[in-house]
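Everything below concerns the one structure shown next.
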Amino acid sequence: VPLSQIEMTQEQRVSTGMKELDRVLGGGIVQGSLVLVGGDPGIGKSTLLLQVCRNLAEHKVKVLYISGEESQAQVRMRASRIGAVEPNLLLAATTDLSTALGLIEQCKPALAIVDSAQTIVSQEVDGISGGSTQVREVASALIDTAKTLDIPVLLVGHVTKDGSIAGPRTLEHLVDVVCQFEGDTETALRMLRAVKNRFGPTDEVGCFDMSGEGIEEVTDPSGLFLSSSNSADPSPVEGTCVTFTLDGHRSLPIEVQSLVTKSVLPTPRRAANGVDANRIAMLVAVLYRHGNVNLLANDLYISTIAGGQAREPGCDLAIVGALASAAKSKAIGRTTCAIGEISLTGQVRPVPRLEYRLREAARLGFTTAVVPTLRREIAIPGLSIVQVDTLQDALGAMLR
């Protein structure tokens, strides 16, 4: 059929009741699609999906939750904790694929959740549960059922030690959407990002907060990665500098903190948290060669706030600013941010989507931004943009 003769149809989507999840999915779950949700054990995958069931069931929508990992009583306990006990939420505990497919065909829910792909077993093929053959068969059968009955299915997937989806690679090719649920078990912050999405973008990120009552949305995560004293105490502190990094379509402020002490060890200590250690070694050398700041014989401790990640090159300027501030005992203003990449020659290089970052800085109350030389002028009300070409110029603008 000629492509020009094919009629375009608007796909029907089901809202999950969580704006952050809908954002990642591209506006909701498409009817008849299979969404694979992966993440580390205990990160909150089952809790997140059970809350989606609650949101839909509260609006008199029939939802089917099939658990192959927990008994009905165990799921009931978790549902009670997060307030998901609803008459329209149907629960089944089985590991047999034929039984699960029969339940979906019999109930015809608006949404079906299967937890998880590695625990469901098909009697028609050989292999142990979680094996490549079984996982492929389970995914294929669920896709056929979803497309035939036009019912969206959310499928939970286990991950390997390196964080990738467990099972054959064809599993990710078969499904329509692959979502990765990430987070540090030491913090309550959880991030959901789409690795693959046939119906929307793959650069959107959803932010959630893990609590005793379940998972809550964080619609504006801007203040998560700044120290509380940033708003409570307006006086500047030595060794800190704020930058803005991109995570998907979001621009997030990241506060970099550093501590510089005289080393008593033959080899000075370098400790980094949330920052690339190899990048730190390079920036220390550039500071010595082009910034006249000698930190080669010092112990250096660099960290970010609340598990934020300052690993992209655009964070270089804030890292060297924090190190120089700690070394020279000169504080950088609380309302000053620094965005830029530093090359080995000491030049400050441009970063992508700089205007988007600067607008977010102005929205959060920053008044000064130290950035690379602009290719075109950017005017943002309330924000003074200081353009620099070299590391020396940048340090002079930050450490006044």
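When you scan the range 97-115, how many residues do you find that are without any contact (Cβ under 8 Å) to a residue 60 or more places away in the chain, under 23 Å from ARG54 (Cβ atoms) and either touching a Gly at 6+ places or on another chain (Cβ under 7 Å) or open to solvent by 20 Å² or more (accessible area, probe 1.4 Å) (or both)? Outline the logic, then answer.
Applying the first criterion (without any contact (Cβ under 8 Å) to a residue 60 or more places away in the chain) to the range 97-115 yields 97-109, 112, 114.
Filter once more, keeping what is under 23 Å from ARG54 (Cβ atoms): 100, 103-104, 106-109, 112, 114.
Filter once more, keeping what is either touching a Gly at 6+ places or on another chain (Cβ under 7 Å) or open to solvent by 20 Å² or more (accessible area, probe 1.4 Å) (or both): 103, 106-108.
Of the residues in that region, 4 qualify.
Against the conditions (1) crowded, with 17+ Cβ neighbours inside 10 Å; (2) over 22 Å from ILE29 (Cα atoms); (3) of a type in the set (Asp, Glu), where does GLU124 fall short? Just the number, please.
For GLU124, the failing item is (1).
Could you tell me which numbered condition VAL85 fails, if it satisfies all but one of (1) out of contact with any Ser or Thr (no Cβ under 8 Å at 6 or more places or on another chain); (2) free of Cβ contacts under 8 Å to residues at least 24 places away in the same chain; (3) open to solvent by less than 60 Å² (accessible area, probe 1.4 Å)?
Every listed condition holds for VAL85 apart from (3).
Could you check SER222 against (1) under 30 Å from ILE385 (Cα atoms); (2) modelled with pLDDT of 90 or more and say which number it fails?
Condition not satisfied by SER222: (2).
Give the residue that is most open to solvent (accessible area, probe 1.4 Å), with candidates limited to residues of the range 380-395 that are on the phi < 0 side of the Ramachandran plot and out of contact with any strand residue (DSSP E or B) (no Cβ under 8 Å at 6 or more places or on another chain). Can you show your working first?
Looking only at the range 380-395, we keep the residues that are on the phi < 0 side of the Ramachandran plot, and these are 380-381, 383-395.
Next, from what is left, pick out any that are out of contact with any strand residue (DSSP E or B) (no Cβ under 8 Å at 6 or more places or on another chain): 380-381, 392, 395.
Working: ILE380: 16, PRO381: 115, GLN392: 83, LEU395: 11 Å².
Step by step, filter the range 380-395, then rank; the result is PRO381.
Here's a check for you: in the range 116-148, which residue that is among the aliphatic types (A, V, I, L, M) and over 20 Å from GLN106 (Cα atoms) is farthest from the chain's Cα centre (by Cα)?
VAL125
For the range 261-284, enumerate the residues that are in a helix (DSSP H, G or I) and out of contact with any Pro (no Cβ under 9 Å at 6 or more places or on another chain).
Filtering the range 261-284 for residues in a helix (DSSP H, G or I) gives 277-284.
Correct list: ALA277, ASN278, ILE280, ALA281, MET282, LEU283, VAL284.
Taking the residues in the range 233-254 that are among the acidic types (Asp, Glu) and not in a strand (DSSP E or B) as candidates, determine which candidate is most open to solvent (accessible area, probe 1.4 Å).
Taking the range 233-254 first, the residues among the acidic types (Asp, Glu) are 233, 238, 247.
Still in the running and not in a strand (DSSP E or B): 233, 238.
Details: ASP233: 66, GLU238: 98 Å².
My answer is GLU238.
Select from the range 291-308 the residues that are closer than 30 Å to LEU192 by Cα, part of a strand (DSSP E or B) and open to solvent by less than 50 Å² (accessible area, probe 1.4 Å) and list them in ascending order.
Step one: filter the range 291-308 for residues closer than 30 Å to LEU192 by Cα, giving 301-308.
Within this subset, residues satisfying the condition of being part of a strand (DSSP E or B) are 301-304.
Those that are closer than 30 Å to LEU192 by Cα, part of a strand (DSSP E or B) and open to solvent by less than 50 Å² (accessible area, probe 1.4 Å): ILE302, SER303, THR304.
Pairs, please: C-beta under 7 Å, at least 6 apart or cross-chain, first residue within 23 Å of ARG353 (Cβ to Cβ) and polar (S, T, N, Q) and in the range 194-217, second open to solvent by 20 Å² or more (accessible area, probe 1.4 Å) and part of a strand (DSSP E or B)?
Every condition considered, the pairs that remain are THR202/VAL195; THR202/LYS196.
Take the residues in the range 166-182 that are under 16 Å from THR133 (Cβ atoms), aliphatic (A, V, I, L, M) and open to solvent by less than 40 Å² (accessible area, probe 1.4 Å); name whichever of them is modelled with the highest pLDDT.
LEU171
Across the range 183-204, which residue is surrounded by the fewest Cβ atoms within 10 Å (Cβ to Cβ) among those that are among the charged types (D, E, K, R) and either closer than 14 Å to GLU20 by Cβ or modelled with pLDDT under 90 (or both)? Before the answer, list the steps.
From the range 183-204, those among the charged types (D, E, K, R) are 184, 186, 190, 193, 196, 198, 203-204; that's our starting set.
Then keep just the ones that are either closer than 14 Å to GLU20 by Cβ or modelled with pLDDT under 90 (or both); that gives 184, 186, 190, 193, 203-204.
Working: ASP184: 14, GLU186: 7, ARG190: 24, ARG193: 18, ASP203: 14, GLU204: 20.
Filtering first and then ranking leaves GLU186.
Out of everything in the range 255-290 that is surrounded by fewer than 19 Cβ atoms within 10 Å (Cβ to Cβ) and of a type in the set (A, V, I, L, M, F, W, C), what residue ends up being farthest from LYS330 (Cα to Cα)?
Residue satisfying both the conditions and the ranking: LEU265.
What single numbered condition from (1) touching a helix residue (DSSP H, G or I) at 6+ places or on another chain (Cβ under 9 Å); (2) modelled with pLDDT of 95 or more fails to hold for ASP389?
Among (1) touching a helix residue (DSSP H, G or I) at 6+ places or on another chain (Cβ under 9 Å); (2) modelled with pLDDT of 95 or more, ASP389 violates only (1).
Can you confirm whether VAL237 is at pLDDT 95 or above and of a type outside the set (Lys, Arg)?
no
If you go through the range 25-78, how many residues are among the hydrophobic types (A, V, I, L, M, F, W, C), free of Cβ contacts under 8 Å to residues at least 40 places away in the same chain and open to solvent by 10 Å² or more (accessible area, probe 1.4 Å)?
2
Would you confirm whether any residue within the range 245-263 is out of contact with any helix residue (DSSP H, G or I) (no Cβ under 9 Å at 6 or more places or on another chain), aliphatic (A, V, I, L, M) and modelled with pLDDT under 95?
Checked the range 245-263: no residue is out of contact with any helix residue (DSSP H, G or I) (no Cβ under 9 Å at 6 or more places or on another chain), aliphatic (A, V, I, L, M) and modelled with pLDDT under 95.
Report yes if some residue within the range 205-225 is over 30 Å from MET77 (Cα atoms), of a type in the set (Phe, Trp, Tyr) and open to solvent by less than 30 Å² (accessible area, probe 1.4 Å); otherwise report no.
Yes, because at least one residue in the range 205-225 is over 30 Å from MET77 (Cα atoms), of a type in the set (Phe, Trp, Tyr) and open to solvent by less than 30 Å² (accessible area, probe 1.4 Å).
Of all residues in the range 145-159, which are open to solvent by less than 60 Å² (accessible area, probe 1.4 Å) and free of Cβ contacts under 8 Å to residues at least 60 places away in the same chain? Spell out how you get there, then give the answer.
Taking the range 145-159 first, the residues open to solvent by less than 60 Å² (accessible area, probe 1.4 Å) are 145-146, 149, 151-157, 159.
Passing the criteria: only THR145.
Which members of the range 309-338 meet the condition of being in contact with a Phe, Trp or Tyr (Cβ under 8 Å, 6 or more places away or on another chain) and either open to solvent by 10 Å² or more (accessible area, probe 1.4 Å) or on the phi > 0 side of the Ramachandran plot (or both)?
Within the range 309-338, THR335, THR336 qualify.
The values are calculated or read from the model by the stated rules, or taken from the named source; none is laboratory data. None of the values given here were measured: they were computed from a predicted structure. Using ideal geometry, Cβ is built from the backbone for each residue, glycine included, and neighbour counts are taken over all protein chains shown. Surface accessibility is based on the protein's heavy atoms, side chains included, excluding ligands, DNA and RNA. Shrake-Rupley method; radii C 1.70, N 1.55, O 1.52, S 1.80 Å.
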